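Structure below; questions to follow.
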Amino acid sequence: GQQLNQSPQSMFIQEGEDVSMNCTSSSIFNTWLWYKQEPGEGPVLLIALYKAGELTSNGRLTAQFGITRKDSFLNISASIPSDVGIYFCAGPPLMEYGNKLVFGAGTILRVKS
Amino acid sequence: SQTIHQWPATLVQPVGSPLSLECTVEGTSNPNLYWYRQAAGRGLQLLFYSVGIGQISSEVPQNLSASRPQDRQFILSSKKLLLSDSGFYLCAWSEVGARAFFGQGTRLTVV
């Protein structure tokens, strides 16, 4: 089935550093979503992107919908300890019924204070 | 505003016992509903999704089943649990635009 390749798998960074992660697909997506999951909780939607080239910010988070519609990236500026968690990209494959989402494997983010 | 409720939060069940996890959504009509399973804190595997009452699509063959008896109620069941059914189960809903919103999850441990 459709897969999203998300990288890196994990990151261990110093507080204050910027973070960048990305997601690629072999096929076109019309929507890209970025989620954050904290331990023992459900994923929370951070940013939704609906148009190729779109750049959207949510506080210190910025995400972009790639021009080719096959990729997206998420940046976190000036990381803080509460940024720790697993970040997932997701999207509904074209022509899939029911808007079902496929998810990347996630990027585990750890922050050293 | 819309809310999603999922329960229980944690569950420990013996092998061979039945399972019923319930999810309800408030504040919206005719949502798409989903059950995902997450193993070892990574990767979300779509188990079932539903676009309407009584309409269930299964993504992977397994020991589980799902039902949607009411518009905003989605139930995950098993007649006999296996050890491999252990995991973190997440219910989600979405409307037009594909944005999905998740419940708090159920940690299932089969012993």
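The values are calculated or read from the model by the stated rules, or taken from the named source; none is laboratory data. In this text, all values refer to a predicted model and were calculated from it rather than measured experimentally. Cβ: placed from backbone, ideal geometry, glycine included. Neighbour counts: every protein chain shown. To get the accessible areas, we keep the full protein, side chains included, count just its heavy atoms, and leave off ligands, DNA and RNA. Shrake-Rupley method; radii C 1.70, N 1.55, O 1.52, S 1.80 Å.
At most 10 other Cβ atoms within 10 Å and a DSSP loop assignment: could you name the trypsin sites (Lys or Arg not before Pro) in segment B:1-76 that fit?
Here no trypsin sites (Lys or Arg not before Pro) fit, given the DSSP loop and packing criteria.
Cut-off 10 angstrom, C-alpha nodes, Gaussian network model of chain A. Which of A:90, A:52, A:63 fluctuates the most?
Of A:90, A:52, A:63, the Gaussian network model singles out A:52 as fluctuating most.
Determine the relative contact order of segment A:1-107: mean sequence separation of Cα pairs under 8 Å and six or more apart, normalised by residue count, in whole percent.
35
Another question about this same structure. Report the equivalent ellipsoid semi-axes for segment B:1-102 in whole Å, largest first, defined as the square roots of five times the eigenvalues of the gyration tensor built from alpha carbon atoms.
Gyration-tensor ellipsoid for segment B:1-102: 23, 14, 13 Å.
Name the most mobile residue of A:100, A:36, A:70, meaning the one with the largest mean-square fluctuation, in a Gaussian network model of chain A with Cα contacts below 10 Å.
A:100
Taking the solvent-accessible surface of protein heavy atoms with a 1.4 Å probe, what is the per residue accessible area of chain A in Å²?
47
Which of A:51/A:100; A:36/B:79; A:70/A:112 have a Cα-Cα distance over 29 Å?
Pairs exceeding 29 Å: A:36/B:79; A:70/A:112.
Would you calculate the separation in nanometres between label points at residue A:41 and residue B:45, each defined as 7 Å from the Cα along the Cα-to-beta-carbon direction?
So the two model labels end up 2.6 nm from each other.
Residue separation times 0.36 nm, minus the C-alpha to C-alpha distance between residue A:3 and residue A:54: what's the value?
16.2 nm
Okay, moving on. Of the accessible area of chain A, with the probe set at 1.4 angstrom, what percent is carbon plus sulfur?
Carbon and sulfur: 51 percent of the exposed surface of chain A.
Let me ask you something else. State, to one decimal in nm, how far the label point of residue A:110 lies from the label point of residue B:80, with both points 7 Å from Cα in the Cβ direction.
Label-label distance for residue A:110 and residue B:80, simple model: 4.1 nm.
Residue B:29 versus residue B:62, label points 7 Å from Cα toward the beta carbon: distance in nm?
Between residue B:29 and residue B:62, the simple spin-label model gives 3.2 nm.
In whole percent, and with a 1.4 Å probe on the protein chains, what portion of the accessible area of segment B:26-93 is carbon and sulfur?
50
When only Cα pairs under 8 Å and 6 or more residues apart are kept, what is the percent relative contact order across chain B?
The value is 36 percent.
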